[in-house]
Amino acid sequence: MYLWGLLTSLGVIAGYGAVLLANARHFYTDDTESQYVPLWVMLGRRLRDGELPVLVPEHWMAGNYAIEEAGLLNPPQLLIDLIAPSVGNLALYATVVKLVFAIILGLGVYRICLAYGARVQWAALAGVSIPFTGWLLFFDEASWMTAFTGTAWMVHAWASGVRYARGRGGPIPVFVYLYLAISVQYVFPAVEAGMMIVAVAIGELIYQRTWRPSLRLLAVSGLAALAGSATYLPSMLSAKVTWRGTAQINNDQFLTVPWSESLNASLPSTLPAFTSWWGYVQPMPVVYIAWFLIPALAFIDWGRARAAWRELSGIALFAIAALMWTAGPGTIGPLRWPARVLPMVALGLLLLVCVLLGRFATFKDWRARGIAAAVLIGLLWVRSFAADPHNWLVHLGAALAVAALGALVVWLAVRRGTSAAVALAIVAVFPIAWFQVDRAQPTPMSWNLPSDRDAAKAAFPEFAGTTLQLGDRGLIQPGERTLDGAYGSLVFGNYAKDLERTYVSGYTPNGHFWFGDMLCMRWDTSVCPDAYRRAFAVEPSTGKTIVDLMNVDRVVLQKALFPEAGAEEPPAGWQWVDYPGHENYIAVLEREDGLISTRNGRISAVQGATAVSVAESDTTSRVKVDSDGGGRVVFARLGWPGYRADLDGKEVPFTVVAKSFVAVDIPAGTRDGDLTLTWRPPGWKIGGAAIALSLAGLGVFEWLYLRGRKPEDDESAAPAVESIPDGDAELADAVR
């Protein structure tokens with residue numbers, strides 16, 4: 001068992017090597033380079049300073065990290081953050097981190113197969129194959145990091161859940177793995193984990209014909225969900241001010257995948273047809289699962305397999321639920337783009353086929369079975385041709401290659417045994433992964449952000465204080481996406497965090513609706529051409545400009561968006577400042593009287609009162625205030641839910657100016673008042689209580705588990721022997 005587990009890990013490493021030969025930056029692209037890795041760097045620096053950065057007010061567009069995909073309550077993610085600032089090559093670091101999680105994912109799938117009684121060889125094949133399934137390889141691994149890490153933890157929760165339900169393991173692993181999947185702070189893995197647990201619980205009820213094991217599993221899973229709720233309470237309680245809004249169910253065709261495309265799983269060349277950013281026919285094989293998946297159905301002894309349908313019903317239920325989800329609806333609250341569930345389809349079908357092969361594979365009547373496999377491959381070609389007729393010759397070549405590989409695997413199985421056949425099936429994963437990634441070059445997803453942090457920081461201007469950039473990423477030409485070009489002067493996404501600069505903008509899927517509307521700023525920090533006028537517009541109730549209310553020190557204008565920048569008269573109190581070597585891309589406005597962000601804390605406007613900053617942190621402002629007739633203090637803080645204002649120890653109401661800036665009204669007659677403005681993530685007390693309660697409940701279930709164990713329950717032998725079909729001596733020998 002351990003040998004094949006090691007081979008699973010080595011197989012995943014080899015597959016990563018093949019992908020990197022096709023594109024060295026494959027695992028450092030799109031959201032990974034623009035959102036996640038810079039976030040790791042910034043969070044790591046803050047953690048090293050002894051802070052838990054739940055809020056950074058100067059990061060206006062994306063500074064509420066309690067609702068971003070930061071994983072602040074996920075211990076492995078915090079470790080990744082802590083290491084990140086020490087690594088200069090960000091592409092290398094992202095690749096290594098993802099490789100670790102790919103191995104975790106592969107071993108988790110390996111464990112699930114063993115839990116359902118599969119032979120170790122076929123379990124290893126499933127484990128090596130899963131990281132190189134289409135959507136995982138081209139989206140979750142390449143770009144959407146939190147989806148990938150959540151899936152990696154979820155599969156271990158699945159394996160541990162089956163073991164717990166069948167009395168071969170305790171509740172703690174189920175709880176821990178589920179909590180890690182939930183607390184990555186990305187809602188898809190959390191919901192998918194819930195779907196998985198329900199499917200497993202129903203499957204175990206069908207298999208064991210008693211409700212107690214399933215009820216125990218559901219109870220422990222509920223405790224993990226209770227602990228994980230602390231991660232999502234701030235998002236839920238802040239939803240009304242974000243552009244995601246509150247719950248809604250809509251349907252559209254964008255990234256919804258017809259079932260016919262989801263099942264075209266074994267042709268490496270397949271380019272499925274559904275609507276996405278790139279039109280109707282996709283440039284990447286995102287519905288691919290494994291080259292052997294469909295042809296292998298011909299080599300399963302379905303007569304024997306039918307007898308085990310109860311035991312495997314949990315896998316089938318999960319696969320069916322995932323397949324139904326991919327077809328829509330397009331939006332269910334925060335869950336949009338059903339194509340994101342394609343990894344769950346791949347997981348369910350890969351598990352089902354590999355467990356069936358691992359228990360009921362047969363090569364008797366191999367000639368007739370070979371003909372059946374050829375028919376299945378022909379149907380794959382027809383489906384791929386129908387979706388993408390222009391590449392019919394490539395699809396034909398892929399079909400012939402799959403047929404040849406399958407024939408060789410069958411020959412090895414008959415002549416050399418299962419291990420040799422599975423070894424070839426595993427090795428075939430590597431060139432296929434290389435072919436698929438190489439064929440998709442140049443990737444349509446890359447931002448091509450610099451990966452060398454030291455070089456990037458050296459090339460960028462030394463901007464002190466807080467900077468507001470007004471630009472549009474879409475105006476950067478492909479040849480300008482270099483340090484010598486636009487990336488030496490402009491930041492988009494979270495790139496400023498790589499550079500250790502403080503920018504208003506940042507990558508966010510959860511932006512503050514009213515702030516974004518005020519500056520027409522989008523998720524990637526791009527703005528509209530009217531943003532310059534809006535930034536210097538006067539807010540009527542305070543008489544101050546928006547940039548004054550934000551305590552911005554500098555405004556950087558992208559020349560491509562504002563071609564007259566630098567030549568026109570600057571706004572009052574501002575001046576154009578030259579930065580040699582950067583004038584082709586930016587024009588820079590700075591305040592005539594120096595930095596304002598460090599002058600009086602985060603106070604940005606005072607009316608009818610005097611206010612002096614006493615102490616500042618990211619979450620708290622302490623101010624001494626005086627007012628004879630009543631006044632107002634406006635802070636350079638975005639009005640997220642979670643603020644509380646106290647004056648001399650008594651809570652006072654606060655308001656929001658321009659639907660964005662926190663302001664506190666000061667009562668008349670206030671003398672030397674101590675005003676404290678504090679922010680905490682909404683629901684943090686409830687979240688803390690939920691974690692404590694869930695841990696107490698887990699302790700009870702662990703006590704019950706230990707109390708009910710018997711000496712014969714100890715697994716001194718290899719697992720899953722009791723699941724071996726009667727009469728399968730070869731399987732029994734392999735497991736032992």
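All of the numbers you see were taken from the coordinates with simple rules; none came from a lab. Everything quoted here is computed from the prediction, not taken from an experiment. Neighbour counts are summed over all protein chains in view; Cβ atoms, including those assigned to glycine, are modelled from backbone coordinates with ideal geometry.
May I ask for log10 I(q)/I(0) of the stretch 76-140 at q = 0.26 Å⁻¹, from a Debye sum over the Cα atoms as equal point scatterers with solvent left out?
Each listed q corresponds, in turn, to -1.04.
Net charge near LEU223: determine it from the other residues with C-beta under 12 Å of the C-beta of LEU223, scoring Lys and Arg +1 and Asp and Glu -1.
Neighbourhood net charge equals 0.
Explain nothing, just compute: Karplus ³J(HN,Hα) = 6.51 cos²θ - 1.76 cosθ + 1.60, θ = phi - 60°, for every residue of the stretch 599-616 in order, whole Hz, x for Gly and Pro.
With the stated coefficients, the stretch 599-616 comes to 8, 9, x, 9, 6, 10, 7, 9, 10, x, 7, 10, 9, 10, 5, 9, 8, 9 Hz.
Evaluate the charge dipole of the stretch 603-682 about its Cα centre and quote only its size in Debye, nearest 20, assuming +1 on the Cβ of each Lys and Arg and -1 on the Cβ of each Asp and Glu.
Its charge dipole is roughly 260 debye.
Output wanted: per-residue J couplings in Hz (rounded whole) for the stretch 281-287, from phi through Karplus 6.51 cos²θ - 1.76 cosθ + 1.60, θ = phi - 60°, x for Gly and Pro.
So the Karplus estimates, Gly and Pro as x, are 8, 7, x, 9, x, 6, 9 Hz.
For the stretch 200-209, in order, what is each residue's ³J(HN,Hα) by Karplus, 6.51 cos²θ - 1.76 cosθ + 1.60 with θ = phi - 60°, in whole Hz (x at glycine and Pro)?
5, 4, 5, x, 5, 5, 5, 6, 8, 6
Set the bar at 31 Å for Cα to Cα. Now go through LYS240/LYS457; LYS544/LYS624; LYS240/LYS559; LYS98/LYS559 and name every pair that lies beyond it.
Violating the 31 Å limit, Cα to Cα: LYS240/LYS457; LYS240/LYS559; LYS98/LYS559.
How would you rank 74-80, 52-58, highest first, on the average number of other Cβ atoms within 10 Å across their residues?
52-58, 74-80
Counting every Cα pair in the stretch 603-682, what percent are over 16 Å apart?
Taking all Cα-Cα pairs of the stretch 603-682, the fraction more than 16 Å apart is 43 percent.
Give me, ordered by chain and number, the residues 5 or more places off LEU55 or on other chains with an amide H under 5 Å from its own placed amide H.
The answer is TYR65.
Quote the charge dipole size of the chain about the Cα centre in Debye, to the nearest 20; the model charges only the Cβ of Lys and Arg (+1) and of Asp and Glu (-1).
2520
Give me, ordered by chain and number, the residues 5 or more places off GLU68 or on other chains with an amide H under 5 Å from its own placed amide H.
Long-range HN contacts for GLU68: none found.
Lone cysteines in the chain, defined as no other cysteine's Cβ under 4.7 Å from theirs: which are they?
Isolated Cys, the chain: CYS113, CYS354.
For every other residue with a beta carbon closer than 14 angstrom to the beta carbon of ALA440, add +1 if it is Lys or Arg and -1 if Asp or Glu, then tell me the sum.
Residues near ALA440 contribute -2 overall.
Provide the net charge surrounding ALA421, with neighbours chosen by a C-beta distance below 12 Å and charges set as Lys +1, Arg +1, Asp -1, Glu -1.
+3
Hey, got the Cα dimensions of the chain along the principal axes, in Å, largest first?
Taking the Cα atoms of the chain, the three principal extents are 94, 62, 44 Å.
Using alpha carbons only, how many degrees (0 to 90, rounded to 10) separate the axis of helix 171-182 from the longest principal axis of the chain?
50
Can you compute the helix-only [θ] at 222 nm over the chain? Use -39500 (n - 2.57) per DSSP H run of at least 4 residues, normalise by all residues, nearest 500 deg cm²/dmol.
For the chain, the value works out to -14500 deg cm²/dmol.
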